[in-house]
Amino acid sequence: MADKDASVSVCHFDPEAFEGGLRSFFEYRDLGIEKATAGAVGAHVIRAVPGKNSGGDLHTHSLQFQMVYVLKGWVRFWYEGEGEVLLEEGACVYQPPGIKHREVEHSEDVEMLEITLPAQFETQAADA
């Protein structure tokens with residue numbers, strides 16, 4: 001059911017809006033969806049920090065839904081039960097709740113859209 005008090009949320013591109021976040025080798029641009037949905041949904045654009053290589057540790061997330069869509073460049077993830085998966089521009093991956101995964105490597109120009117339910121969630125280190 002729609003929230004009758006919610007309003008339309010519009011977020012225009014601002015190259016200065018990217019900030020640090022969960023991973024030091026990525027920076028994140030909030031798209032305003034968390035505020036618009038009172039935290040029910042999160043959406044942000046993730047891009048590579050120039051000159052920083054991936055060093056993603058194996059981890060899991062406590063959430064209901066997570067998907068990543070590659071807007072530009074490429075990224076390689078490792079998923080428990082799947083192994084390495086290369087995602088190039090236009091590729092999308094659904095990451096099931098609690099799956100062990102890590103970012104292996106990415107192109108210098110990678111940009112991704114990530115959508116999560118809820119917007120805020122816990123990340124836990126995982127054993128190999």
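Quick notes on this one:
- Candidate set from the range 51-104 (those that are in contact (Cβ under 8 Å) with a residue 40 or more places away in the chain and of a type in the set (S, T, N, Q)); member that is farthest from Ala40 (Cα to Cα): Asn53
- Within the range 75-98, the residues that satisfy the criterion of being under 29 Å from Ala38 (Cβ atoms) and buried (at least 17 other Cβ atoms within 10 Å of the Cβ) are Val93, Gln95.
- The range 55-66, residues that are part of a loop (DSSP other than H, G, I, E, B), within 14 Å of the chain's Cα centre (by Cα) and at pLDDT below 90: Gly56
- Taken together, Arg29, Arg47 contain a single residue that is assigned to a strand (DSSP E or B) and free of Cβ contacts under 8 Å to residues at least 24 places away in the same chain, which is Arg29.
- Selected residue (criterion: nearest to Gly73 (Cα to Cα)) from residues of the range 27-47 that are in contact with a Gly (Cβ under 9 Å, 6 or more places away or on another chain) and hydrophobic (A, V, I, L, M, F, W, C): Ile46
- Selected residue (criterion: modelled with the lowest pLDDT) from residues of the range 1-29 that are surrounded by 10 or more Cβ atoms within 10 Å (Cβ to Cβ) and over 13 Å from His44 (Cα atoms): Asp3
The values are calculated or read from the model by the stated rules, or taken from the named source; none is laboratory data. No experiment lies behind these values; they were computed from the predicted model shown. When we count neighbours, we look across all protein chains shown, and the Cβ atoms used for this are built from the backbone with ideal geometry, even at glycine.
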